[in-house]
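Novice: I am attaching a structure below and will ask some questions about it afterwards.
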Ligand SMILES: CC(C)(COP(=O)(O)OP(=O)(O)OC[C@H]1O[C@@H](n2cnc3c(N)ncnc32)[C@H](O)[C@@H]1OP(=O)(O)O)[C@@H](O)C(=O)NCCC(=O)NCCS
């Protein structure tokens, strides 16, 4: 197979079956192009590498240029990997291995010292990444609550949701006392809002915190809750609970204060997860632990 960058692909249409088989991601080439233009982790880079058989894409690995915050507080770019997939008809022929090796070389050429990705320990990919030199660096705690009785969500009638102020969300996120592994900007929030179809109804912002959530007929998924103190966290969780009929859950709680807030409110807390973040040093002298420490924080939208 031949390896080309996403940018050099003549048609991106083959990525629809590839991504749908790999992730049930109904990849829309036109929408994705728009997303790439918006998203600061993608817009200046190669976007990904594609394995071609003839003119057709049979494998893909995605590439982010990830700004990360080191222990010392400086910003260092790392490689981020997403969307690793090979067509079912072409697996076990070394295609992903070849793509990942090329991607690592691309990252090294850019001077990056680490490659970072998110996966699940229950996928065969996890062992594959370990074989390539990746190691788990983050366990992702979660919190769940089922109400004793079905609740009547507080009516929002007449209450017009205020317009989501992305600059304010970013300001609160940056004021949070535990800096995140990845560095965020407003373009990422805009891209997220578009990709996940978030509306003003799905966000509550106060002076000291915000919560982004998705509500369905049963309950509420807290997509990201960031607040500067436990009181504000309690207030935001209360607000979300008022919106839910049967249940509330948060799948990624890296802030220990927030985890305690959930615990104190009777949530079921799980420290271990199938999902993990993994990292691979790209140069012999690079140490992930020395660079980032061992108490990494990431908020809900930081996961990829
Ligand atoms: C995981 C995946 C990308 C591997 O792609 P691939 O092109 O088949 O990978 P390779 O042929 O380079 O295999 C690399 C190694 O992965 C492991 N592996 C791949 N498929 C495997 C399988 N079916 N069973 C066990 N191990 C497997 C093996 O260690 C293999 O090396 P080996 O063939 O020398 O033993 C592919 O199976 C896929 O698209 N899966 C669905 C999407 C997915 O889960 N992506 C990862 C998300 S984080």
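The values are calculated or read from the model by the stated rules, or taken from the named source; none is laboratory data. Keep in mind that what you see is a predicted model, and the values were worked out from it rather than measured. Neighbour counts are summed over all protein chains in view; Cβ atoms, including those assigned to glycine, are modelled from backbone coordinates with ideal geometry.
Novice: If we scan segment 131-151, do we find a residue that is part of a helix (DSSP H, G or I), within 16 Å of the ligand (Cβ to nearest atom), in contact (Cβ under 8 Å) with a residue 24 or more places away in the chain and over 26 Å from residue 70 (Cβ atoms)?
Specialist: No, the conditions are met nowhere in segment 131-151.
Novice: Output the residues belonging to segment 72-96 that are surrounded by 14 or more Cβ atoms within 10 Å (Cβ to Cβ) and closer than 23 Å to residue 287 by Cα.
Specialist: If the condition is that a residue be surrounded by 14 or more Cβ atoms within 10 Å (Cβ to Cβ) and closer than 23 Å to residue 287 by Cα, then 76, 77, 78, 79, 80, 81, 82 are the ones that fit.
Novice: Somewhere in segment 26-47, is a residue touching a helix residue (DSSP H, G or I) at 6+ places or on another chain (Cβ under 7 Å) and within 12 Å of the ligand (Cβ to nearest atom)?
Specialist: Scanning segment 26-47 turns up no residue that is touching a helix residue (DSSP H, G or I) at 6+ places or on another chain (Cβ under 7 Å) and within 12 Å of the ligand (Cβ to nearest atom).
Novice: State whether the residues of segment 89-102 include one that is assigned to a strand (DSSP E or B), near the ligand (Cβ under 8 Å from one of its atoms), touching a residue at least 12 places away in the same chain (Cβ under 8 Å) and touching a strand residue (DSSP E or B) at 6+ places or on another chain (Cβ under 8 Å).
Specialist: no
Novice: Okay, moving on. Give the residue, chosen from 212, 170, that is in a helix (DSSP H, G or I) and at pLDDT 95 or above.
Specialist: 170
Novice: Scan segment 109-124 and report the pairs whose first residue is touching a residue at least 40 places away in the same chain (Cβ under 8 Å) and whose second residue is more than 16 Å from the ligand (Cβ to nearest atom) and assigned to a loop (DSSP other than H, G, I, E, B), with Cβ atoms within less than 7 Å and a gap of 6+ or a chain change.
Specialist: From segment 109-124, the pairs are 112/282; 113/282; 113/283; 113/286; 114/282; 114/286; 115/282.
Novice: Looking at this structure, is residue 62 surrounded by 15 or more Cβ atoms within 10 Å (Cβ to Cβ) and either part of a strand (DSSP E or B) or away from the ligand (no atom under 11 Å from the Cβ) (or both)?
Specialist: Spelling it out, residue 62 is indeed surrounded by 15 or more Cβ atoms within 10 Å (Cβ to Cβ) and either part of a strand (DSSP E or B) or away from the ligand (no atom under 11 Å from the Cβ) (or both).
Novice: Within segment 109-129, how many residues are more than 7 Å from the ligand (Cβ to nearest atom), more than 20 Å from residue 181 (Cβ to Cβ) and either at pLDDT below 95 or part of a helix (DSSP H, G or I) (or both)?
Specialist: Adding up the residues that qualify gives 1.
Novice: Are any residues in segment 43-78 modelled with pLDDT under 95 and either on the phi > 0 side of the Ramachandran plot or under 18 Å from the mean Cα position of the chain (by Cα) (or both), and if so, which ones?
Specialist: Hit for segment 43-78 is 73, nothing else.
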